Amino acid sequence: MHFVPTHDEVVALLRRTGGLRDGHFEYINGLHAKEYLQVALTMRYYEAAKILSVGLSRQLRANSEIRAMIPELSIVAPATSGLPVAYGVCEALRARQVYWAERENENEPLRFRQYLELKKGEKVLLVDDILRTGKKIAELKKLVEDHGGEVVGLAVVIYQPNPSTPTFDPLPFYYLAKLDATYYKDSASCELCKQGAPVDKVWL
Ligand SMILES: [Zn+2]
């Protein structure tokens, strides 16, 4: 394993630990796919989680501006997906603190726990396991800024953008691997359905 794991090493680690699966999958929104990514399945293994979060922290430390902020840096994640990444990165960087935002119900906005207060101008690094649509990170960024924090960067294990994923330029953005996803828009256009392959319904 390299100092920062390579794209291929990350993909191999995801496959070995069940985080990246081959098969025939149907999402709640009706899309079909032949691969399924669930980073949490990889993060359950402490050693795998450590390789990924240490790799990310090394990329972050290589940014001299971020490195200078580490003693004061807050690592903030959306719950629950980003939590293991946030604690791993905080431990590896020796940053100041970790906290998260969550929602009570699917249709409610992200919020912080009661009594959580940001210092004005607090330096915040946002982390998550995957950046896909970017909606959750955009919402989290706004929440931090509305509470007076300053977002200084963004780090995720896997970057899997689609054509409408926003860019967060000029924020420094780090990821360990960029994966393409191929989706079929429905069963009628799905190669695997045509072959009669049994389908797994996935929730996320
Ligand atoms: Zn299908």
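For the reader, a short list of remarks on this structure follows.
- Region 11-41, subset in a strand (DSSP E or B) and aliphatic (A, V, I, L, M), residue farthest from Tyr159 (Cα to Cα): Ala33
Every residue, every condition in (1) touching a helix residue (DSSP H, G or I) at 6+ places or on another chain (Cβ under 6 Å); (2) at positive phi; (3) surrounded by 17 or more Cβ atoms within 10 Å (Cβ to Cβ), yes or no:
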| residue | (1), (2), (3) |
| --- | --- |
| Glu139 | no, no, no |
| Val144 | no, no, yes |
| Gly148 | no, yes, no |
| Val151 | yes, no, yes |
| Pro163 | no, no, no |
| Thr167 | no, no, no |
| Pro170 | no, no, no |
| Leu176 | yes, no, yes |
| Asp180 | no, no, no |
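- In region 126-140, the residues that are of a type in the set (Asp, Glu) and either part of a loop (DSSP other than H, G, I, E, B) or more than 12 Å from Met43 (Cβ to Cβ) (or both): Glu139
- Pairs linking a residue in region 15-32 that is more than 26 Å from Ala188 (Cβ to Cβ) and without any contact (Cβ under 8 Å) to a residue 12 or more places away in the chain to a residue that is within 16 Å of the ligand (Cβ to nearest atom) and in a strand (DSSP E or B), with Cβ atoms under 9 Å and 6 or more positions apart or on different chains, are Arg15/Arg21; Arg15/Asp22.
- Checking each residue in region 182-204 for being surrounded by 11 or more Cβ atoms within 10 Å (Cβ to Cβ) and assigned to a loop (DSSP other than H, G, I, E, B) picks out Lys185, Asp186, Cys190, Ala197, Val199, Val202.
- Of the residues making up region 91-119, those that are farther than 22 Å from Ala138 by Cβ and either modelled with pLDDT under 95 or not in a strand (DSSP E or B) (or both) are Glu91, Ala92, Leu93, Arg94, Ala95, Arg96, Gln114, Tyr115, Glu117, Lys119.
- For region 10-39, filtering for residues that are surrounded by 17 or more Cβ atoms within 10 Å (Cβ to Cβ) and away from the ligand (no atom under 16 Å from the Cβ) leaves 10.
- Within region 50-103, the residues that satisfy the criterion of being of a type in the set (Lys, Arg) and either more than 19 Å from the chain's Cα centre (by Cα) or surrounded by 23 or more Cβ atoms within 10 Å (Cβ to Cβ) (or both) are Arg67, Arg94, Arg96.
The values are calculated or read from the model by the stated rules, or taken from the named source; none is laboratory data. Just so we're clear, the structure is a prediction, and the values are computed from it rather than from any experiment. Cβ sites come from the backbone with ideal geometry, for glycine too, and all protein chains shown count toward neighbours.
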